[in-house]
1. For B:VAL86, are the conditions met, namely being more than 9 Å from every other protein chain (Cβ to nearest Cβ), in a helix (DSSP H, G or I), at pLDDT below 95 and surrounded by 16 or more Cβ atoms within 10 Å (Cβ to Cβ)?
2. Look at B:SER69 and say whether it is without any contact (Cβ under 8 Å) to a residue 40 or more places away in the chain, part of a helix (DSSP H, G or I), hydroxyl-bearing (Ser, Thr, Tyr) and surrounded by fewer than 19 Cβ atoms within 10 Å (Cβ to Cβ).
3. How about segment B:340-429: which helices (runs of 4 or more DSSP H) wholly inside it have at least 3 residues that are at negative phi and either in contact with a His (Cβ under 9 Å, 6 or more places away or on another chain) or among the charged types (D, E, K, R) (or both)?
4. Surrounded by fewer than 22 Cβ atoms within 10 Å (Cβ to Cβ) and either within 14 Å of chain A (Cβ to nearest Cβ) or modelled with pLDDT under 90 (or both): does that describe B:ARG171?
5. Out of the residues in segment B:20-50 meeting the condition of being without any contact (Cβ under 8 Å) to a residue 24 or more places away in the chain and under 21 Å from B:ALA267 (Cβ atoms), tell me which one is farthest from the other protein chains (Cβ to nearest Cβ).
6. Quick check: anything in segment B:354-368 crowded, with 21+ Cβ neighbours inside 10 Å, assigned by TED's automatic domain parsing to the domain that holds B:GLY408 and basic (Lys, Arg)?
7. Right, B:ARG4: under 20 Å from the mean Cα position of the chain (by Cα), facing another protein chain (nearest Cβ under 10 Å) and not in a helix (DSSP H, G or I) or not?
8. Being among the β-branched types (Val, Ile, Thr) and more than 20 Å from A:LYS10 (Cβ to Cβ) is the filter; apply it to segment B:104-154 and report the residue that is farthest from the other protein chains (Cβ to nearest Cβ).
Amino acid sequence: MIKFEEEIAKFKPSPEIDEAEDLIMADDMTDMTDFMVQILKEMKEKG
Amino acid sequence: MYKRIIRTANAYYNVGLSRAQVRDLTGAVDALSRCLELNKRHVEARNLLGLVYNEMGETVLALREWVLSRSYRAQSNPAERYIRDVQANQNHFELQMQGVEKYNQAVHQAQTGGADLAMVTLKRVVQTNPNLLRAHLLLALLYMQEKSYSKAGKLLTHVLMIDRGNATARRYQQAIRELQHKAPETVDPVEKNLRQTARAEVVIPAYGVAASSYLLNALYVLIGVAIGILALYFLVIPGKEKEYAASAQQQINEINSEILSRDAQIAELQRTIEALEQDKADIQGTVDDMNTASNEAADARNKMVAAYDKALNLALIYAAGDIATVAEQYPNYTPELVDSDSYRQFYNYIYVQNFEYLYASCFNEGQRRANEGFELEFGVRLLEAARVLKPDSSEAIFWEGVAYHRIGDLGKARELYQKVIDEYPNSAEAPQAVAQIAQIP
């Protein structure tokens with residue numbers, strides 16, 4: 001059963017062109033390999 | 001561990017690719033996003049994600065992915081072309097951006113009680129941005145709220161033609177079916193008949209027929225009109241559907257060609273990876289061999305350095321005139337000690353060309369000291385050095401005995417005199433040794 005108010009609330013604005021730069025800069029660029037390197041560094045320092 | 005992450009990322013990319021191939025765009029976004037969470041540098045995944053976003057009407061999100069992709073690989077990256085293509089037609093691009101802006105306004109209006117205003121806005125947006133799926137879904141929802149299920153249904157069908165995996169659209173479709181089952185919507189019967197006809201069923205409304213000619217004529221007119229309208233829709237609707245399908249097919253073809261290009265790139269990358277794996281194994285083997293050789297070379301180098309040091313030391317001693325030490329060191333040096341022509345020349349000079357001089361120097365100086373009774377200890381050393389050079393020198397043995405005799409070491413003196421008498425009885429020193437031994441109590 002569709003609950004109209006709940007469904008309406010789920011809709012989020014789509015990014016506009018003037019937000020593009022902020023969108024690119026704000027992107028979290030950390031990936032798994034970065035985490036792995038970080039963990040290995042910490043292990044080395046503790047070890 | 002790093003390899004495993006990369007392999008998993010590649011697996012997600014492949015899943016995303018296969019989903020995009022069957023137009024499950026929502027599923028493709030999910031898989032490609034996971035790929036990038038593992039490996040942000042996966043350029044192919046970024047490019048494909050951008051294409052998927054673009055197909056869903058999310059142009060800015062698409063541009064973001066392509067810009068990021070370009071930052072990771074500036075050369076030979078199709079992202080450059082995608083960005084250019086999107087921005088090539090400025091008018092179209094601006095129209096798209098205006099559509100997005102209007103959609104955002106409509107969202108705000110719908111969420112703040114202005115559903116009617118939102119619908120008006122969205123009706124324009126779905127015309128200018130036929131791919132902006134979110135706008136279609138929101139308008140469908142608003143139609144559902146006012147029970148215009150057929151209009152909502154059309155929008156949802158459109159969404160699912162672009163994105164087969166759109167769960168929201170499917171959910172709304174299911175809701176419409178449930179709602180229509182409970183309370184059939186108030187739909188224009190002509191529209192309902194035309195819809196049925198579009199499913200290749202010709203339905204001629206069954207009207208009650210009066211037994212009068214007037215009614216019959218009216219009936220024939222009605223039937224004629226209905227057939228005319230039906231015929232019109234038979235031609236128009238298929239044509240529209242064909243046009244729509246052609247447009248969708250074109251988009252599919254474009255994506256397919258991109259995907260084929262991706263497949264070729266993937267195959268090429270796989271071959272490159274295999275070749276690199278092999279190279280790596282070869283290089284590792286070479287490194288191991290080099291390490292072993294390096295250790296052996298280090299040992300040899302150390303030995304050589306030590307030998308050179310010895311040779312230099314000997315040269316210094318010789319230069320200082322310490323002939324006794326030079327003679328004493330004679331057993332510690334061989335021509336093969338240092339693999340060097342210079343060293344061999346040096347050795348040859350001291351221990352071959354000047355051997356006799358060396359001996360004579362040691363013996364003469366030793367004998368002088370033993371005979372004259374000064375520096376007797378050093379005299380002993382010199383005579384011993386002479387004996388190192390010539391172990392069978394009876395004169396050196398005798399005069400060492402004399403040196404020990406004069407030092408007062410009578411036991412050593414007797415020993416050496418006896419050695420001359422026993423081992424060299426025919427030497428000139430033997431009779432002298434006998435005479436010397438007689439003087440020892």
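The values are calculated or read from the model by the stated rules, or taken from the named source; none is laboratory data. Because the structure is a prediction, the values reported are computed rather than measured. Note: ideal-geometry Cβ built from the backbone for every residue, glycine included; neighbour counts use all protein chains shown.
1. Spelling it out, B:VAL86 is indeed more than 9 Å from every other protein chain (Cβ to nearest Cβ), in a helix (DSSP H, G or I), at pLDDT below 95 and surrounded by 16 or more Cβ atoms within 10 Å (Cβ to Cβ).
2. In short, no.
3. B:355-372, B:376-389, B:394-407, B:410-423
4. Criteria met by B:ARG171.
5. Looking at residues that are without any contact (Cβ under 8 Å) to a residue 24 or more places away in the chain and under 21 Å from B:ALA267 (Cβ atoms), I get B:ALA31.
6. no
7. It is false that B:ARG4 is under 20 Å from the mean Cα position of the chain (by Cα), facing another protein chain (nearest Cβ under 10 Å) and not in a helix (DSSP H, G or I).
8. B:VAL120
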